[in-house]
Every structure is written in C-alpha cells, then in structure tokens.
Amino acid sequence: MDAVRLIGASRRALMGSEDAGGIMAEACQAQALAQAIGSRLAMSGPPELRGEAVGLTELASRGCSVLDVPLPRAGTLRAAQLTELGDARQALVDLSGLLGEVGIALVSIASAADEAMYWQCMEAIDAADESRDRVLEMLRRLAVRDEAERERGSAA
C-alpha cells in the first residue's frame, strides 16, 4: 500500500480512538509509519532529503518507545504494509498533518493523566514534534530544489 493511503488509515484510526490506550497505540502506529517512510526516503528518495530522512527514522523510533503501551503485533503494524512511497511530497505533507494530530491527541490525554502517564505523553509529544520538524524540513528542501530547477529552466 502506498504511504498516502496508510497515512489516511492512521488518521482515521486516531480519530476513532476513544480512550487513552487507543490514542497511545495510534501514536505508536504513526511513529512506526514515520520511521518506515523515513527509511524509504533515506534509501531511495531524492538525495537532498536523505540526511533528514535518516534523522526522521531515528526520531520516530524513539516516539513509540517512550509510551508504556503494548506494541502492535507484527501483523497489525500499518507501517509493515508500506509497499511504495508514491508521491513523496504528498506523503510528507500528509505525514506532517498526522504527526501534528498525534501531538494534539496526546495533549488531551496528558491533561487528564496521572503523573507517570503525563510524562510519557510529554515525551511522546516531543518526539512527534521533532519528527514533524524533520518532515517540514524535507518539504522545505523539496521546495528549494523545485525553485532551483525552475530557475535553471527559465535561464535556458
């Protein structure tokens, strides 16, 4: 399945989560998906994105490990269904939105949580924000590349 469809499935699942455990599990799913997309971009994406993509992969792996929730079984991990990246720009735009929504959902849990869960949520929010920052940097780099290509095309 392509990245955009998987991100859409993750967004729907996050919105459908009704309790803290479900939201935290979906936060893990989103970070696993960010890790898979980052890995795919690091291996075969545009050269100007590869460094940031490696950073995204590393940050996203931390995003789930801070939450005390059972990891999804291998067969239920959406990221394992990633077969193709598809449109890298659209995947990054959608991933940025998903990571932002994860942060917002985790804030709602943290505001009503006990101290232990509060700090888990804060760590996960931080990880989602840092992952989103990497995604936004990759989008910026794509925009710079596209602008340079347009300038070269108009100069010719």
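The values are calculated or read from the model by the stated rules, or taken from the named source; none is laboratory data. The shown structure was predicted, so the numbers you read here are calculated from the model rather than taken from an experiment. Here the Cβ positions follow ideal geometry from the backbone for every residue, glycine too, while neighbour counts run over all protein chains shown.
Each row is one residue, and each column tells you yes or no for (1) of a type in the set (G, A, S); (2) in a helix (DSSP H, G or I); (3) under 18 Å from T76 (Cβ atoms).
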| position | (1), (2), (3) |
| --- | --- |
| V4 | no, yes, no |
| I7 | no, yes, yes |
| R11 | no, yes, yes |
| I23 | no, yes, yes |
| Q29 | no, yes, yes |
| Q35 | no, yes, yes |
| G38 | yes, yes, no |
| M43 | no, yes, no |
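Sort out which residues of region 70-113 are over 18 Å from the mean Cα position of the chain (by Cα), at pLDDT 90 or above and buried (at least 16 other Cβ atoms within 10 Å of the Cβ), and write them in order of number.
If the condition is that a residue be over 18 Å from the mean Cα position of the chain (by Cα), at pLDDT 90 or above and buried (at least 16 other Cβ atoms within 10 Å of the Cβ), then I109, A110 are the ones that fit.
Looking at region 114-156 only, could you name the residues that are modelled with pLDDT of 90 or more and among the hydroxyl-bearing types (S, T, Y)?
Correct list: Y118, S131.
Within region 1-56, how many residues turn out to be closer than 17 Å to L142 by Cα and of a type outside the set (S, T, Y)?
Residues in region 1-56 being closer than 17 Å to L142 by Cα and of a type outside the set (S, T, Y): 18 in total.
Could you pull out the residue among R89, R132, R140, R145 that is closer than 23 Å to L41 by Cα, in a helix (DSSP H, G or I), free of Cβ contacts under 8 Å to residues at least 24 places away in the same chain and not small (G, A, S)?
R140 is the lone residue from the list that is closer than 23 Å to L41 by Cα, in a helix (DSSP H, G or I), free of Cβ contacts under 8 Å to residues at least 24 places away in the same chain and not small (G, A, S).
Using beta carbons and a limit of 6 Å, which pairs, at least six apart or on different chains, have the first residue in region 107-123 and among the charged types (D, E, K, R) and the second one surrounded by 14 or more Cβ atoms within 10 Å (Cβ to Cβ)?
E123/V66
Of the residues that sit in region 36-57 and are farther than 14 Å from A88 by Cα and free of Cβ contacts under 8 Å to residues at least 60 places away in the same chain, which one is nearest to the chain's Cα centre (by Cα)?
T57
Can you confirm whether R12 is out of contact with any helix residue (DSSP H, G or I) (no Cβ under 6 Å at 6 or more places or on another chain) and basic (K, R)?
yes
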